[in-house]
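Below you'll find the structure, written out as structure tokens, and then a few comments.
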Amino acid sequence: QVQLVESGGGLVQPGGSLRLSCAASGSIFSINAMGWYRQAPGKQRESVASSTSAGSTNYADSVKGRFTISRDNAKNTVFLQMNSLKPEDTAVYYCNAQLRVVAGGIVRNYWGQGTQVTVSS
């Protein structure tokens, strides 16, 4: 059983900052990539940022220069530092991990329960 537990969401004023955390636990052999997605009301879920085990990162154009993804591989944890937040960043943010639970097993997607981020004055 694999669990992804997120924390750090909340209400912040425009221009403010938040830091999201996501810890993966359970029967994990290896993690290929971890990342963050978000879903705003009435919109599809979209990728925000991702980080591979090799250290490469990718960001959505809308957050480049404002958000930073980082990982603590020893603790199977991923972070999302969000600065200069805008009202359009308001969404439920989901943690994602692509991992194997056994050696040689297939890579599967796992999701956290989501954490609400609201940017409003």
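Which of (1) open to solvent by less than 60 Å² (accessible area, probe 1.4 Å); (2) part of a loop (DSSP other than H, G, I, E, B) does ALA33 not meet, given it meets every other one?
Failed condition: (2).
Here are the criteria: (1) surrounded by 14 or more Cβ atoms within 10 Å (Cβ to Cβ); (2) in contact (Cβ under 8 Å) with a residue 60 or more places away in the chain. Tell me which single one SER27 does not satisfy.
If we test SER27 against (1) surrounded by 14 or more Cβ atoms within 10 Å (Cβ to Cβ); (2) in contact (Cβ under 8 Å) with a residue 60 or more places away in the chain, just (1) comes out false.
Provide a single number: the residues in the range 91-121 that are touching a strand residue (DSSP E or B) at 6+ places or on another chain (Cβ under 9 Å) and free of Cβ contacts under 8 Å to residues at least 24 places away in the same chain.
3
Could you please let me know if ALA97 is over 10 Å from the mean Cα position of the chain (by Cα), open to solvent by less than 70 Å² (accessible area, probe 1.4 Å), at pLDDT 95 or above and within 21 Å of VAL2 (Cα to Cα)? Break it down stepwise before answering.
Values: over 10 Å from the mean Cα position of the chain (by Cα): no; open to solvent by less than 70 Å² (accessible area, probe 1.4 Å): yes; at pLDDT 95 or above: yes; within 21 Å of VAL2 (Cα to Cα): yes.
Taking the combined requirement at face value, the residue does not satisfy it.
Name every residue in the range 60-76 that is β-branched (Val, Ile, Thr) and without any contact (Cβ under 8 Å) to a residue 24 or more places away in the chain, in order of residue number. Spell out the reasoning first.
Initial filter on the range 60-76 (β-branched (Val, Ile, Thr)): 63, 68-69.
Of everything in the range 60-76, just one residue is β-branched (Val, Ile, Thr) and without any contact (Cβ under 8 Å) to a residue 24 or more places away in the chain, namely THR68.
Considering the range 85-94 alone, what residues qualify as being closer than 16 Å to GLY10 by Cβ and open to solvent by 60 Å² or more (accessible area, probe 1.4 Å)?
Matches in the range 85-94: LYS86, PRO87.
Identify all residues within the range 102-119 that are touching a Phe, Trp or Tyr at 6+ places or on another chain (Cβ under 6 Å) and either over 22 Å from PRO41 (Cα atoms) or open to solvent by 60 Å² or more (accessible area, probe 1.4 Å) (or both); write none if there are none.
At the first step, the residues of the range 102-119 found to be touching a Phe, Trp or Tyr at 6+ places or on another chain (Cβ under 6 Å) are 102-103, 111-112, 114-115, 117.
The answer is VAL102, ALA103, TRP111.
Any residue in the range 40-58 that's free of Cβ contacts under 8 Å to residues at least 60 places away in the same chain: show its pairings with residues that are surrounded by 14 or more Cβ atoms within 10 Å (Cβ to Cβ) and in a loop (DSSP other than H, G, I, E, B) at Cβ separation under 8 Å, as long as the two are six or more apart or on different chains.
Note: pairs meeting the criteria are ALA40/THR90; GLU46/ALA60; SER47/ALA60; VAL48/ALA60; VAL48/VAL63; ALA49/ALA60; ALA49/VAL63.
The values are calculated or read from the model by the stated rules, or taken from the named source; none is laboratory data. Values in this document were obtained by computation on a predicted structure and should not be read as measured data. Using ideal geometry, Cβ is built from the backbone for each residue, glycine included, and neighbour counts are taken over all protein chains shown. Side chains included, ligands, DNA and RNA excluded: accessible areas come from the protein's heavy atoms. Shrake-Rupley method; radii C 1.70, N 1.55, O 1.52, S 1.80 Å.
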